[in-house]
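Notes follow the structure.
Bear in mind these aren't lab numbers, they're just calculated from the coordinates by the rules spelled out. Please read all numbers here as calculations on a predicted model, not as lab measurements. We place every Cβ from the backbone using ideal geometry, glycine too, and count neighbours over all the protein chains shown.
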Amino acid sequence: MERRKFSSQFKQQIVQECLETGSPTIVARKHDLNANMVGRWTREFKKTGITPGKSKGIPTHVTSDDYQQVVEERSELASENDKLRKALADQALENHILRDLLKKANPHSLR
């Protein structure tokens, strides 16, 4: 049996019917589909808000304020990331220095 492929539009129609009727089984029977597949499409839609088979893509309804907010947040996160990397490097250097001092004080304690 050859595997059937369904368009995003068809899947969206089926999911919409499932949401209206509340029964993937009834919708599946009506359209001669597997109930598990219809249920999976519906669960995926409820989970992601996206019809199965359709990619999220870039939203077309982003306002300039939203965009500016995202740019500012990205800049803040990049700055925080740099600070954390520097702090980590400082900690690693301090660790290295302390290990060297400890080795000099007691050469048999660390290997």
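Each of 5, 86, 30 has some number of other Cβ atoms within 10 Å of its Cβ, and from fewest to most they run 5, 86, 30. Each residue in 108, 31 was given a count of other beta-carbon atoms within 10 angstrom of its own, and listing them fewest first yields 108, 31. For the pair residue 32 and residue 99, label points projected 7 Å from Cα toward Cβ lie 7.0 nm apart. With r defined as the distance between the Cβ atoms of residue 92 and residue 68 and R0 fixed at 41 Å, what FRET efficiency is calculated, to the nearest 0.05? Calculated value: 0.65. Dipole check for the range 62-111: with +1 at the C-beta of Lys and Arg, -1 at the C-beta of Asp and Glu, and the Cα centre as origin, the magnitude is about 820 Debye.
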